[in-house]
1. If you check every pair at least six apart or on different chains, which have Cβ atoms under 6 Å apart with a residue in the stretch 694-707 that is within 14 Å of Val599 (Cα to Cα) first and a residue that is crowded, with 21+ Cβ neighbours inside 10 Å and of a type in the set (A, V, I, L, M) second?
2. Does Thr601 meet the test of being within 17 Å of Val737 (Cα to Cα), of a type in the set (Ser, Thr, Tyr) and crowded, with 24+ Cβ neighbours inside 10 Å?
3. Restricting attention to the stretch 308-324, does a residue exist that is touching a Gly at 6+ places or on another chain (Cβ under 6 Å) and within 17 Å of Ile379 (Cα to Cα)?
4. Could you tell me how many of the residues in the stretch 572-601 are closer than 12 Å to His648 by Cβ and either without any contact (Cβ under 8 Å) to a residue 40 or more places away in the chain or out of contact with any helix residue (DSSP H, G or I) (no Cβ under 6 Å at 6 or more places or on another chain) (or both)?
5. Is it the case that the stretch 706-727 has a residue that's among the β-branched types (Val, Ile, Thr) and surrounded by fewer than 23 Cβ atoms within 10 Å (Cβ to Cβ)?
Amino acid sequence: MRTAWCGFALGIIVLQRQSALPGWGAWLALTVLAALAALAAAWMLLGVPGGVRKFAGWMAVGLASACAGFGYGVWRAELRLAEALPVAWQTRDIDVTGHIARMIAHDIGRASFLFAVESWSMRAAGAKLPQLIQLTWVTRDAPLPRIEPGARWRLSVRLKRPHGEGNFGLRDTETTLLSRGVRATGYVSNPEHARRLALDAQGAGVRIERVREAVRARIDAVLGDAPHRGIVVALATGAQDAVSDADWRLLRNTGTSHLVAISGLHLTFVAGLSGWIVGALWRRARWRGIEAPLFVPAQKMAVAGALCVAAAYAALAGFNVPVQRALWMLAVTATALWSSRELARGHVLAWALGLVLLRDPWAVTAAGFWLSFGAVAAILFAATGMPRVRQIDDIALSPEEADPMREKAEPPEASRPPRLKARLYSAFGYERWRRAARSLWAKVRNGARVQWAVTLALAPLTAYWFMQIPLVGPLANAFAIPWVSMFVTPAVLAGVVLPAPLDTLALRAAHVLIEALATALATLEGWPWAVLRLPQPGYWALGCAAVGVAWCLAPRGWPLRWLAPFTWLPLLVPPPSGPPPGAFRLSALDIGQGTAVLVETARHTLLFDAGPGPESTHAGERIVVPYLQAHGVMRLDTLMVSHDDSDHSGGAQAVLDAVPVHQFVAGILPAHPLWASARRSGADTVQCAAGQRWQWDGVTFEVLWPNAGPLAGKPNAHCCVLRVSTAPGSDTEGGVVSALLAADIEAPTERTLVARDPGRLQAQVLVVPHHGSKTSSTEPFLDSVEPRVAIFQVGYLNRFHHPHPGVFARYESRHIVLARSDTDGAARVEAAPGGLGVERFRDTQRRYWMDAGE
C-alpha cells in the first residue's frame with residue numbers, strides 16, 4: 001500500500017500545480033493510461049517473480065495510483081468550484097439566512113466567522129450558490145452582539161468571489177479559502193438590521209464548535225490581557241489568531257512555532273496518557289469475579305481508549321493537518337492491533353497520507369502538511385539505521401540474568417571484591433543505579449538522534465516556506481518539547497476539563513510555565529547567529545538538499561556519507577539573482593489598494609512605498625516583508641516613502657522593523673513618527689526633493705518632484721516622483737529604458753512637470769499615478785511620458801472604483817501593455833539597455849482555482 005498511496009499523493013500534488021482543470025480529452029487519456037498501468041501491474045506482479053519485473057510492476061502500480069489521485073482531485077475540485085457567486089451580485093446588498101459554522105477570530109468590535117447559508121434573498125437561474133461564506137462583522141460605536149457557533153441569523157451582507165493577492169514566491173489566500181470550502185467572502189453591511197432567529201442549528205459540528213468557543217471564553221476570562229494568553233488558547237483549541245506578533249516572532253526565530261499548534265506531538269502525548277490510564281483501570285476491572293483482561297486484552301482496550309480521547313482532542317483542535325496525520329496513524333495502528341495483524345511503520349504513515357488527502361486534497365498546498373509528514377518520514381527513515389534490539393536489552397541484563405541455568409563460575413580469589421565493598425554495593429544499589437544511568441544515557445542518545453533527523457530533514461522545508469533556518473532550533477527544541485509536553489500541555493488540558501476554581505489555577509499555572517519558556521527562548525533568540533535567513537530556494541536546490549538529507553540519514557555503512565553536505569550548497573549559497581550591471585528589475589507588488597514597488601540593480605535595492613499597515617490590511621507585514629525575504633533582500637539601500645497616505649506609508653514601520661535600511665527618503669512632514677523610527681533603526685534620513693540624483697551599478701535614479709523646501713498643501717501635492725533609467729546601450733543594443741514611479745500625483749502636479757521639462761518624463765514603464773483615478777493621467781502627461789507598459793496597483797473591487805473607466809480607456813486607446821494588480825497580480829519588469837520584458841503573476845503562476853470575478 002505504500003506505493004499505491006504515495007502514487008495517489010503524487011497525482012494530487014501534480015493537479016494542484018495545474019493552471020486549469022482537464023477537459024474531456026484529458027479525462028479520456030487519463031482513464032486509458034490508468035487502465036493500461038493497472039493491467040501492466042497485474043501482469044508483472046502476478047507472473048513469475050523477479051527483481052526487475054517486480055520493480056517494474058510496482059512502478060506501474062504507482063502510475064495507476066497517480067492517475068487515480070489526479071482524477072479524484074479533479075472530481076473534488078469540480079464539485080467545489082461549481083459553487084460560485086454570480087459576478088453581478090458582487091458588492092451588492094444581499095440578505096442571507098443561515099447559522100454560524102465556525103469562529104475564525106474575534107476581538108472588541110470585530111469578528112470573523114464562517115457562515116453556513118440556508119437561503120438567499122435572491123435567485124440565480126441555473127447557478128449553484130455557495131453554501132459556506134466567510135464574513136466579517138465590524139461595529140464602531142456599539143458592542144458586538146453575542147456571536148456564537150450554531151446561532152441562526154438573518155444578515156444583510158456584501159460579498160465578492162474568493163480573491164487573494166498574487167505575488168511571486170508567496171502563497172495566495174485563495175487556496176486556504178478553497179480548502180475550507182469558502183466560495184464567497186464579505187462583510188455584514190447593515191449590522192443594525194441583523195436579526196437573531198429563534199431556533200439554533202444543531203449537529204455534531206456545531207456542538208464541537210460551541211465547546212471550543214466555551215473553552216476560549218473561559219481562558220479569556222481567567223487570563224484577561226496576559227501577554228501569552230494566545231498561546232494558551234492555541235494549545236487548548238487550536239485557534240491561533242490570539243497569538244501576539246511578539247510571540248510569533250520569538251517562536252519562528254527559535255524554530256519552536258510548531259509547539260503553538262496542537263500538533264501530532266500533543267495528540268500523541270494525550271493519546272498515550274489516556275491509553276495508559278484506560279489500560280491500568282482495565283487490568284484491575286472484574287465482572288462477576290472474572291478479570292476483564294480475560295474478555296478483552298488490556299492492550300486492545302488501552303488502544304481503543306487512546307483513540308477515543310485522541311479523536312475528541314482532534315475535534316477540539318479543529319482537525320488541522322498534523323492532528324489528522326497523528327489521528328489516522330493511531331486509528332490504523334488500533335485497527336491492526338484489534339485485528340491481530342502486524343503492520344510496518346511505513347505502511348501506517350502511508351495510510352495516514354492517503355486518508356488525509358482523501359478528506360482534503362488541498363492539504364498539499366499548506367506548510368503543515370509537508371512539515372508534519374516530513375518529520376515523521378525522517379524519523380522512520382533514520383530508525384532503519386538503528387539496531388533492531390533496544391539498547392536497554394543489551395546493557396540491563398548480566399549473563400546470569402540472561403541465562404538463569406548458566407553455571408556460576410567461582411571468580412579467582414584476586415578478582416573477588418572485598419566483602420565490605422560488596423556489602424556497600426548491595427546496600428546502596430550500585431548495580432541498579434548503574435543500569436538506570438546507562439539506560440537513561442541510551443534514551444538521551446536515541447532522543448538526540450531523532451532530534452537530529454527531524455532538524456536535518458525539515459531544514460530545507462523551513463527555508464522554502466519561511467525563508468529562514470533557526471540555527472538554535474535543535475537546542476531550543478531540546479528543552480522546549482519536553483517542557484511543553486510534560487508540563488504546559490497537561491496544565492492546559494487540566495484547565496479545560498477541571499471544574500472551577502481548579503481550572504483557574506491550572507490555566508494560570510500554564511501561563512507561568514509559558515512565561516518561563518519564553519524567557520529562555522528570548523535568551524537564545526538574542527544570539528547573533530540564532531537565525532540563518534535565506535531566499536526562497538527553487539525546486540532544483542530543494543531536490544539537491546533532499547538527496548543530501550537522505551544521504552546523511554541513511555543506515556550506517558552507506559558509502560561516501562561525507563559528501564552529503566555538499567548537496568546543500570545550492571540551498572545555502574544560492575546563485576546571484578539580481579539583474580546584470582546597467583539593468584534593473586522593477587516588481588510592482590499586489591498588496592490590494594496601495595503602492596509598493598521594489599527596484600533591484602545588480603547589487604542594490606530600493607523599495608518605493610510599503611503599502612497599507614495595521615490601520616487597514618497589514619500588507620506591509622503580511623506581504624511586503626515576506627516578499628523581500630523570499631527574494632533574498634536582506635537589507636534595503638533605500639526605503640522611499642512617497643507621501644503620508646496610509647496605503648503608501650502604512651507598511652513602512654513593518655519594513656523598518658524587519659529589514660535593515662541604509663537610507664530613508666520620504667516626502668512626509670518633519671513631525672511624522674516614521675522619521676524617528678528610521679533614525680532608531682540606524683538609517684540616514686533625507687527629505688525627498690527634486691534634483692536628487694545617484695547611480696547604482698550603472699542605473700540612474702532621479703527625483704523629479706517635489707520642489708526643495710518645506711512641504712505645503714495636501715499630501716498628494718508633494719509626492720515623491722522617481723525616474724529610474726538603465727545605462728546607455730551601444731548602437732546594436734538600443735537606447736536607455738526608463739521607468740517612472742508617479743505615486744499619487746494629480747493633474748496640477750502633472751501640468752507643472754510637463755511645463756518644466758517634458759523630455760525628462762519620458763519612460764517606457766509607468767506606475768500609473770494615483771491608481772488610475774480620474775484626477776490624474778491627463779492627456780498631456782501621457783503624451784510626455786509615452787509609456788509602453790502601464791501598471792495599475794489597485795485593490796480588488798476597491799471602494800474608490802479605481803481605475804476610473806475613462807482613465808483606463810485612455811490607456812487602452814494608446815495600445816499600451818497594461819497590468820492590473822486586481823486581475824493580474826504582481827507585475828515584474830526586466831529592463832535592460834534596448835530591452836524590456838513584462839511578466840504578470842496570473843499569467844505565469846496561474847492555478848485552476850484563481851478567479852478574478854470577471
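The values are calculated or read from the model by the stated rules, or taken from the named source; none is laboratory data. This one's a predicted model, so the numbers in the text were calculated from it and none came from an experiment. A quick note on method: Cβ atoms are made from the backbone with ideal geometry, for glycine too, and the neighbour counts reach across all protein chains shown.
1. Close Cβ pairs satisfying both conditions: Phe701/Val724.
2. On the way: within 17 Å of Val737 (Cα to Cα): yes; of a type in the set (Ser, Thr, Tyr): yes; crowded, with 24+ Cβ neighbours inside 10 Å: yes.
Considered against the rule, which asks whether it is within 17 Å of Val737 (Cα to Cα), of a type in the set (Ser, Thr, Tyr) and crowded, with 24+ Cβ neighbours inside 10 Å, Thr601 comes out as yes.
3. Yes, the conditions are met somewhere in the stretch 308-324.
4. At the first step, the residues of the stretch 572-601 found to be closer than 12 Å to His648 by Cβ are 591, 593-597.
If we keep only those that are either without any contact (Cβ under 8 Å) to a residue 40 or more places away in the chain or out of contact with any helix residue (DSSP H, G or I) (no Cβ under 6 Å at 6 or more places or on another chain) (or both) as well, we get 597.
Total meeting the criteria: 1.
5. Step one: list which residues in the stretch 706-727 are among the β-branched types (Val, Ile, Thr), which gives 721, 724, 726.
Then drop every residue that is not surrounded by fewer than 23 Cβ atoms within 10 Å (Cβ to Cβ), which leaves none.
For the stretch 706-727, residues among the β-branched types (Val, Ile, Thr) and surrounded by fewer than 23 Cβ atoms within 10 Å (Cβ to Cβ): absent.
Rundown of residues vs (1) out of contact with any strand residue (DSSP E or B) (no Cβ under 9 Å at 6 or more places or on another chain); (2) among the aliphatic types (A, V, I, L, M), yes/no style:
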site: Val625; (1), (2): yes, yes
site: Gly632; (1), (2): no, no
site: His643; (1), (2): no, no
site: Ala654; (1), (2): yes, yes
site: Ala666; (1), (2): no, yes
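Quick grid of which residues meet (1) under 37 Å from the mean Cα position of the chain (by Cα); (2) in a helix (DSSP H, G or I); (3) among the β-branched types (Val, Ile, Thr):
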| position | (1), (2), (3) |
| --- | --- |
| Leu669 | no, no, no |
| Leu674 | yes, yes, no |
| Ala678 | yes, yes, no |
| Val686 | yes, no, yes |
| Thr700 | no, no, yes |
| Val703 | no, no, yes |
| Asn707 | no, no, no |
| Gly713 | no, no, no |
| Leu722 | yes, no, no |
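For (1) modelled with pLDDT of 90 or more; (2) out of contact with any Asp or Glu (no Cβ under 9 Å at 6 or more places or on another chain), each residue gets a yes or a no:
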position	(1), (2)
His106	no, no
Phe113	yes, yes
Trp137	yes, yes
Arg146	no, yes
Leu155	yes, no
Phe168	yes, no
Ala201	no, no
Arg207	no, yes
